[in-house]
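Here the structure is laid out as structure tokens; the discussion comes afterwards.
The values are calculated or read from the model by the stated rules, or taken from the named source; none is laboratory data. Only a predicted model underlies this, so the values are computations on that prediction, with no experimental measurement involved. Here the Cβ is made from the backbone with ideal geometry for all residues, glycine too, and neighbour counts use every protein chain on show.
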Amino acid sequence: MEFTSSKADLLASVLVVSRAVPASTVEPMLLNVLLDLDNGQLTLRTTDGRISLRHRQPVEEKVPGRLAVLGHLLLEILQGIQSSRSDQVTFASTPENRVVLSSADAVYNIAGFPAENFPMLPEIEALTRTALPGGLLKEMVRKTTVVSSGGGGGPHTYEEVLMESRSGELSFVATDSVRLAILTNKLEKALPDFHSLVPSHALVELGRLLKPDQEVEITLAEDQAAFVFGATEMRTRLSDKTFPNFRAILPKVQSRNLVLRTREFQDNLRGVIPLAKDTKHKVFLDFQRERVIITSTSPEHGEARREVEASLTGEPIRLAFNGKYLLDFLSVVDTESFKWGVSSASYPATLTPDSEGSGYTYVLMPITQKET
């Protein structure tokens, strides 16, 4: 194999696929990037056993071929030669699976590995194919994985996001059994009905790689999903777990409803969190007619108290919540104000952006007095 490429382009390609190279593994071949050169197209592949990434770029081909190279080493070399006198890099392999990378006065001779030993996911057998705007998909990922990426705290672990198309609506749903995030969008273009459980970490990586102006082609199979955008493809295995019936637990009516200014409440909540760390981020909220008083207590260090303006309908009440989980919600709210529905310490609270048709609901259980 031999080709010449722009240093910047090759580095950008390796940066994309390196996101699926594990930091450590018992399978050494997973630490490699597979390079496949044919007809002037260089295809780079990586996998950590859970997700796989493929990225293509045009290069000046001299000799086609396939070879695997240690991923982190290739990335560090390409980063290190960006300041060399040439803007090109030449990649050449030998029959002994050695690799020579050169750019002006920078020359590296490193080990390569036979491509046949590189692990590959089986071919995908499509059940459903569809396409979505990248901006929409990024938003849905960001606002739902905030639950699964926050660590959770419930007795049951759900490391997947439900991706569901139903009756012309697309929903992403995530839960950790203590809280739940659901974002539903009505789409102008009808999608086929589907129901898939996608690993949260795969969607988080997808959201990081996607550009808002890209269209994403989605292929769903019984046990795999593929997302193609631009020159990149991500594939992931799907979960066969049973996702909870989230519609049955969504509160229909709340006896108390508040409207608060998003950033004002967020800033004041952050102000009491330092003294809530000893109680697993437990904060108390006194919901009053025109204000909310936020307090936290540390048995060792003392107390904190802040208050914000609010508009309450219903009777005043004092409840406790996990402050970190509230901040997770506030971190993805884009509106100037938000709505908060509460009833009692034994009934889930609902938090939503204060805008028509946002389609986003965050459900969070209060902390009972017996909890610490």
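Where the second residue is of a type in the set (A, V, I, L, M, F, W, C) and assigned to a loop (DSSP other than H, G, I, E, B) and the first is surrounded by 10 or more Cβ atoms within 10 Å (Cβ to Cβ) and lies in segment 237-253, which pairs have Cβ atoms under 8 Å and are six or more apart or on separate chains?
If the second residue must be of a type in the set (A, V, I, L, M, F, W, C) and assigned to a loop (DSSP other than H, G, I, E, B), the pairs left are Arg237/Leu121; Leu238/Ala221.
Can you tell me how many residues in segment 327-347 are assigned to a loop (DSSP other than H, G, I, E, B) and either at pLDDT below 95 or over 25 Å from the mean Cα position of the chain (by Cα) (or both)?
Summing the residues that are assigned to a loop (DSSP other than H, G, I, E, B) and either at pLDDT below 95 or over 25 Å from the mean Cα position of the chain (by Cα) (or both) in segment 327-347 gives 6.
Hey, can you tell me all the residues within segment 186-200 that are modelled with pLDDT of 85 or more and not aliphatic (A, V, I, L, M)?
Lys186, Pro192, Asp193, Phe194, His195, Ser196, Pro199, Ser200
Being over 19 Å from Ser93 (Cβ atoms), basic (Lys, Arg), buried (at least 16 other Cβ atoms within 10 Å of the Cβ) and assigned by TED's automatic domain parsing to the domain that holds Thr90 is true for just one of Arg54, Arg45, Arg66. Which residue is that?
None of the other options fit; the residue is Arg54.
Out of all the residues in segment 269-282, is one or more closer than 21 Å to Asp334 by Cα and in contact with a Leu (Cβ under 8 Å, 6 or more places away or on another chain)?
yes
Output the residue which, of all residues in segment 74-131 that are of a type in the set (Val, Ile, Thr) and in a strand (DSSP E or B), is farthest from Gln224 (Cα to Cα).
Keep residues of segment 74-131 that are of a type in the set (Val, Ile, Thr), which gives 77, 81, 89-90, 94, 99-100, 107, 110, 124, 128, 130.
Next, from what is left, pick out any that are in a strand (DSSP E or B): 89-90, 99-100, 107, 110, 128, 130.
Working: Val89: 36, Thr90: 36, Val99: 34, Val100: 36, Val107: 41, Ile110: 35, Thr128: 11, Thr130: 14 Å.
The selected residue is Val107.
From the list Ala345, Ala304, pick out the single residue that is among the aliphatic types (A, V, I, L, M), touching a Ser or Thr at 6+ places or on another chain (Cβ under 7 Å) and closer than 27 Å to Arg247 by Cα. Don't jump to the end; show me each part of the working.
Details: Ala304 fails: closer than 27 Å to Arg247 by Cα.
After ruling out the rest, the residue left standing is Ala345.
Out of (1) buried (at least 18 other Cβ atoms within 10 Å of the Cβ); (2) touching a His at 6+ places or on another chain (Cβ under 6 Å); (3) in a loop (DSSP other than H, G, I, E, B), what's the single condition that is false for Tyr158?
Tyr158 satisfies every listed condition except (2).
List the number of the failed condition for Asn268; all other conditions in (1) closer than 19 Å to Thr144 by Cβ; (2) touching a residue at least 24 places away in the same chain (Cβ under 8 Å) hold.
All conditions pass for Asn268, except number (1).
Quick one: in segment 277-308, which of the residues that are touching a residue at least 40 places away in the same chain (Cβ under 8 Å) and either closer than 24 Å to Thr352 by Cβ or under 27 Å from the mean Cα position of the chain (by Cα) (or both) is surrounded by the most Cβ atoms within 10 Å (Cβ to Cβ)?
Pass one, segment 277-308, residues touching a residue at least 40 places away in the same chain (Cβ under 8 Å): 279-283, 287, 308.
After this cut, where a residue has to be either closer than 24 Å to Thr352 by Cβ or under 27 Å from the mean Cα position of the chain (by Cα) (or both) as well, the list is 280-283, 287, 308.
Values: Lys280: 13, His281: 19, Lys282: 18, Val283: 24, Phe287: 21, Val308: 17.
Only one residue fits best here, namely Val283.
Return yes or no: is Leu74 outside the structural domain of Thr232 (by TED's automatic domain parsing), in contact with an Asp or Glu (Cβ under 9 Å, 6 or more places away or on another chain) and at pLDDT 95 or above?
no
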